[in-house]
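Asker: Below is one structure. I have some questions about it.
The values are calculated or read from the model by the stated rules, or taken from the named source; none is laboratory data. These numbers come from a predicted model, not from an experiment. Note that we place each Cβ from the backbone using ideal geometry, even for glycine, and neighbour counts take in every protein chain shown. Side chains included, ligands, DNA and RNA excluded: accessible areas come from the protein's heavy atoms. Shrake-Rupley method; radii C 1.70, N 1.55, O 1.52, S 1.80 Å.
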Amino acid sequence: TWDSDTLYEFIYERGYESLFDAKLLTFHSHVSIVYAYLLVLFKLFFHNIRTGYFVLNALCIIAASFGMLFLLRNIVPGKKNRSYIIAGIMFMLSPWVCGMSTYHMYDYYIWCLFPLLILYALQKNWIGFFAAGVLITFSKTTGLVVFGSACIGVLAVDAWSYIKAYEGFLGTLKKLLSDIKYWCFLCVLIVFTLFFKLGISPETQFEDTVIGFDAAHTFHQMKLFTFANFIWIFVACSIILLIRLFITKKTVLGEEQKKALMILLISDAVFFVSNCLIITYRMPRYMDSHIAAVYVFAAVFFLSMDNVKVSNILMSVITAVTFIAGFRMIDPLSLAIFSPMDVGTHRIVDFEMTDHPSLEDSIVCNREYYSYEIVLGKALTYVMDSRSPDDGIMFSLGDQALTWGFAGGRYSYNYKDGKKFFEEFYDKKIGGMANGYSYDYYETDDMIPYDMQYIFPNETVKEAAYESNAGTFWYIYMPTLNCSKEQEIYNDFNVVSEEQFTFRGWQMNCIRFSSK
């Protein structure tokens, strides 16, 4: 789902020619060349996009696993394999890797590759560094910020080394300009800009993005980067490590290892500042490289402890807690600092996006969105098994202005400018909405088309019913997020029945009603 879902629907009808169309490969202002190439090639190779997505995410997890493991072995050498494995598992079983392993998005791809990028910088393997950097840069526009931040980190560390060697300003500048890797950095930026310009069109603009300083946005980013779903544990460990390493000097590492951590620190700082100055949607998945960075710092902190047994126990306990957080929001600080919302008998956290809030984007920092898809699938299955062909299907989420998960409607920000009716597909194989699972909509009998009528926050159910030709309606809603619109149905219509569906504390109701 999310970006990759929309991307693939966009290029689905095309074949190999999609790989040579800059307009297609620059999608939603994202230079998605690498990601799009992989999706198209996997579709052609496996003849099934769901398999292709699985393979792509599996490769991301493998990259994250090996990148983190070998990076830690290089930064803190001489430890037992057990300690490295526990430290690596702490990242692999986190909400960000394990908890989001079945979602499909550019951002997941980026933060899984990021440990490899830092590993190659530590090893001075610049070919590997550029290979990983190109994979990151040309998969999403924010990937350029991630790779660019890492390049700035490398540049700053090299410049400081030359200055310490008494090269002076001119000597330092001469050495930097004579180093071919910095010209390669520049080439990546030029090529990226070229593709961006080739692919730009009125349909691929950053409509809601501005560059500048906004105190409220910066404050929110500080909260998000510090407190989202137990990330505060790793931020705290990172701060302690850096203090012990560079100020009190109670943690001892080699010069090359310190340089690698400085590259990581500078990269993360530049990335954070960029996120503050580029004012756009606020959502957990936009933290990209910051997620991997704080996990690296925290793992180095634990591996540097003198008492190996205590270190392993602490990492194991944190792993167990954050693994659970990959399926349920249990972080007390996230629940206290952000906006908790009831979705039945369970509470989720709305991370407070800016304009056009979408809960599906705001809550996606673990597996919880899957629970929403399951409970929605139960309600849809009930409707599809019981309805007549001419019946109308309605859906709303009260104050939420987006359709939250329905294909085609995710960008209908308001009733005035947005669409109200969307063609959807019910997949009999999975017993739920086809969006995000199968794209062969028109090629299988398992796909049942239906029209979804969305009720926007500023209209009534009576207004929505008036615009439809149906006599009988099925209204799907979440009671806790619905602004009590169901009361309008009980007041103004003839209610035939109401059913309730639950899954892991989430609740979805469906009312069948007709005109009085």
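Asker: Mind checking the full-extension length gain between L59 and S468? Use 0.36 nm per residue of separation minus the Cα-Cα distance, one decimal, nm.
Answerer: Values: separation 409, 0.36 × 409 = 147.24 nm, distance 4.64 nm.
The span from L59 to S468 would gain 142.6 nm if fully extended.
Asker: Further question on the same structure: Can you tell me which of 243-253, 444-454 comes out highest on packing, and rank the rest after it, using the mean Cβ neighbours within 10 Å?
Answerer: Working: 243-253: 12.9, 444-454: 15.3.
In descending order of packing, they fall as 444-454, 243-253.
Asker: What's the FRET efficiency of D342 with K258 using the Cβ-Cβ distance as r and R₀ = 51 Å, to the nearest 0.05?
Answerer: Working: r = 47 Å, r/R0 = 0.93.
Calculated value: 0.60.
Asker: Antiparallel versus total DSSP beta bridges in the chain: what percent is that, nearest 5?
Answerer: On the way: 34 of 42 bridges.
Counting DSSP beta bridges with both partners in the chain, the antiparallel share is about 80 percent.
Asker: Still on this model: How much net charge surrounds S316 when only other residues with a Cβ under 11 Å from its Cβ are counted (Lys, Arg +1; Asp, Glu -1)? Don't jump to the answer; show the numbers that get you there.
Answerer: Numbers: positive: R82, K309; negative: none.
Its environment carries a net charge of +2.
Asker: Taking Cβ-Cβ under 4.7 Å as the only way to count a partner, pick out the unpartnered cysteines of the chain.
Answerer: C98, C151, C184, C187, C237, C276, C365, C483, C510
Asker: With the contact rule set at Cα under 8 Å and sequence spacing of 6 or more, what percent relative contact order holds for the chain? All intermediate terms of the calculation are to be shown ahead of the outcome.
Answerer: Numbers: 823 pairs, mean separation 78.4, N = 516.
Once normalised by length, the contact order is 15 percent.
Asker: Calculated from the structure, Cα extents along the principal axes in Å equals which of (1) 87, 52, 45; (2) 164, 64, 43; (3) 73, 50, 44?
Answerer: (1)
Asker: Can you give the FRET efficiency for D21 and N307, using 1/(1 + (r/R0)^6), R0 = 56 Å, r = Cβ-Cβ distance, to the nearest 0.05?
Answerer: Values: r = 58 Å, r/R0 = 1.03.
The computed FRET efficiency comes out at 0.45.
Asker: Sticking with this structure for a sec: Which FRET efficiency value, to the nearest 0.05, is calculated for K80 and F327 with the Förster distance at 30 angstrom and r the Cβ-Cβ distance?
Answerer: 0.50
Asker: Let me ask something else about it. If the reach is capped at under 22 angstrom between alpha carbons, list the lysines near K197, excluding any in the same chain fewer than eight residues apart.
Answerer: Once the sequence-local lysines are set aside, what remains near K197 is K23, K140.
Asker: When the accessible area of the chain is split by element with a 1.4 Å probe, what percent falls to carbon and sulfur? Write down the numbers at each step before the final one.
Answerer: Numbers: 13610 of 22000 Å².
So the carbon and sulfur contribution to the accessible surface is 62 percent.
Asker: Summing +1 for each Lys or Arg and -1 for each Asp or Glu, what net charge is found among the other residues whose Cβ lies under 12 Å from the Cβ of I448? Walk me through the intermediate numbers first.
Answerer: On the way: positive: R387, K428, K429; negative: D385, E423, E424, D427, D445, D446, D451.
Computed value for this residue: -4.
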